[in-house]
1. Summing -39500 (n - 2.57) over the DSSP H runs of n ≥ 4 in chain A and dividing by its residue number, what mean residue ellipticity at 222 nm do you reach, to the nearest 500 deg cm²/dmol?
2. Suppose every Lys and Arg Cβ carries +1 and every Asp and Glu Cβ carries -1, with no other charges. What dipole size does the range B:53-117 come out with about its Cα centre, to the nearest 20 debye?
3. Can you find, among B:Leu36, B:Met56, B:Val152, the residue farthest towards the positive end of the dipole of the range B:29-156? Put +1 on the C-beta of Lys and Arg, -1 on that of Asp and Glu.
4. What percentages make up the Cα-Cα pair-distance distribution of the protein assembly as shown when the bins are 10 Å wide from 0?
5. Within 10 Å of each candidate Cβ there may be at most 12 other Cβ atoms; applying that plus a DSSP loop requirement, which GluC sites (Glu not before Pro) in the range A:10-67 survive?
6. Suppose only helical runs count, i.e. DSSP H with n ≥ 4. What mean residue ellipticity at 222 nm does that imply for chain B under -39500 (n - 2.57) per run, divided by all residues and rounded to the nearest 500 deg cm²/dmol?
7. Once you keep just the Cα pairs under 8 angstrom separated by 6 or more residues, what percentage relative contact order results for the range A:2-256?
8. When the chain is fully extended, how far beyond the present Cα-Cα distance does A:Ser170 get from A:Ala2, taking 0.36 nm per residue of separation?
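Bear in mind that the values in this text are calculations on the coordinates, not laboratory data. The structure presented is a predicted model; accordingly, all values stated were derived computationally and were not measured. Cβ: placed from backbone, ideal geometry, glycine included. Neighbour counts: every protein chain shown.
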Amino acid sequence: MASLRKGWDIQTRVIGALMLRELTTRFGRENIGFLWIMVEPLLFAVLVGLLWRAAKGPVEYGVDIIAFVVSGYIPLVFFRSTISRAVNSFTANGSLMYHRQIKILDLILVRFMIEMIGHMMAYLFIALALGAFGLFPMPYDVGFMMLGWLYYSLFTLAIALVVAPLSEMSEVLEKIIPVTNYMMVPFSGAFYLVGSLYTEAADVVLYFPPVHGMEMMRYGVFGPSIDPQYDFVYPLTIILPFMALGLVLCRVVRRRLVVE
Amino acid sequence: MIACQDLHKSYRTGHGRRDVLKGINLTINKGERVALLGRNGAGKSTLIKQIGGVEMPDSGRIMRHMTNSWPIGFNGGFQGSLTGFDNARFIARIYGRSYADMREFVEEFTELGGVLKMPVKTYSSGMRARLAFALSLAIEFDCYLIDEVILVGDQNFQRKCHHELFEKRADRAMVIASHDMYTISDICNRAVVLENGIATGYDDVTAAIERYNSL
């Protein structure tokens, strides 16, 4: 029990130190510093939102179109940037393996957590800003929104855990990942409501766990009028095996990792 | 005590694999200063990386019953884009030491002054070596793993290193890879010659140096 406690202390210390290190190397200490992490998702969401507003008018699926796009796009950008940062994260951080208390999982976990916190901050910021102009509703159920984020994040972590070691094992995979990342767009649930799709299409997209997370999030924000479609158990039957696979792959890669 | 049992390590090359370590047995006891001798490419750095846990051996076991430093060398263990101080802060955090003490020691030991506020990638190799020694001495280990950087830098720094490592920390174990036979015979009390992936231990350092010279 005592050694478990000690191990926990070391791991939290290491993760904290790694997060601060990652933030300083990526964003520096000048001007707004680590708040830069919000800028990219904010710009993405706002610009795409305005594009939809111009193309389709003010309302989509009975809710404000900008709010709808933002609520789908920020989680999608979160998924995409987490996966692209997971690629080659071991080689890029090889020098950290000089310190034995730093585990290879810490590297993935830290990058994932930074992306998650940054994008959640962006989401909150944009919701408050739009809400001030009456363009974003008061959330119908904050708990459901958080639960949706949790499912979406768990899926993202599971994929990152698999992608990071695979990108080290094969160069072909490393090159293919950005493309598959893009192919994820229709299967992330970002740009539609499952309830508005043809039954056949809805059946297909519900095979993808992030769609469930997205529907929960939107239910939490917009309420029952959007007719949310989700399941609590099914996403986990995909996410958990992927996580287990990722852990095994990480172990294999650690054994072969060549550090300069 | 740190004991290596039948360590094997190979690396992938363009075609097939290259066996670097082919069954290394080595025990480092408390307070021993072990020289690691061998020609370039004999596997000295590879062995030190396995002992330090930087890389994992293909097979074999390493038992660690004392704390060991990371391999101290010209690179590794640093983040080049961070400043000397930031690196010190990071090391202090992950090893659970107070940054104030760390900072004071690093400033005093390295004598690098304002350079510590610059990114480590701008440092000369001598400056890197100073920082590397300062960081690992500030943490305190039972066993120091030193890869090629022993007694570098100017006279003044060499004296300081000598004092901190071999006088103040005379009770610590060390594994030192070096081609500087003068230093080796002066400092070490045991030696290991690496040849064709096999380690041969010598209790008499002079005999080991003779063997090394004949390689």
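1. Values: 10 runs with 187 residues, N = 260.
Only helices count here, giving -24500 deg cm²/dmol.
2. Values: 7 positive and 8 negative charges, 51 e Å.
Using only the charged Cβ atoms, the result is roughly 240 debye.
3. Comparing the listed Cα positions along the dipole, B:Met56 ranks first.
4. So the P(r) values, bin by bin, are 4, 17, 24, 21, 15, 10, 6, 2, 0.
5. Numbers: sites: A:Glu22, A:Glu30, A:Glu60; in loops: A:Glu30.
Passing both the DSSP loop test and the Cβ count: A:Glu30.
6. Numbers: 7 runs with 71 residues, N = 215.
Result for chain B: -9500 deg cm²/dmol, rounded to the nearest 500.
7. Numbers: 317 pairs, mean separation 57.8, N = 255.
Relative contact order comes out at 23 percent.
8. On the way: separation 168, 0.36 × 168 = 60.48 nm, distance 4.05 nm.
Difference between extended and current length: 56.4 nm.
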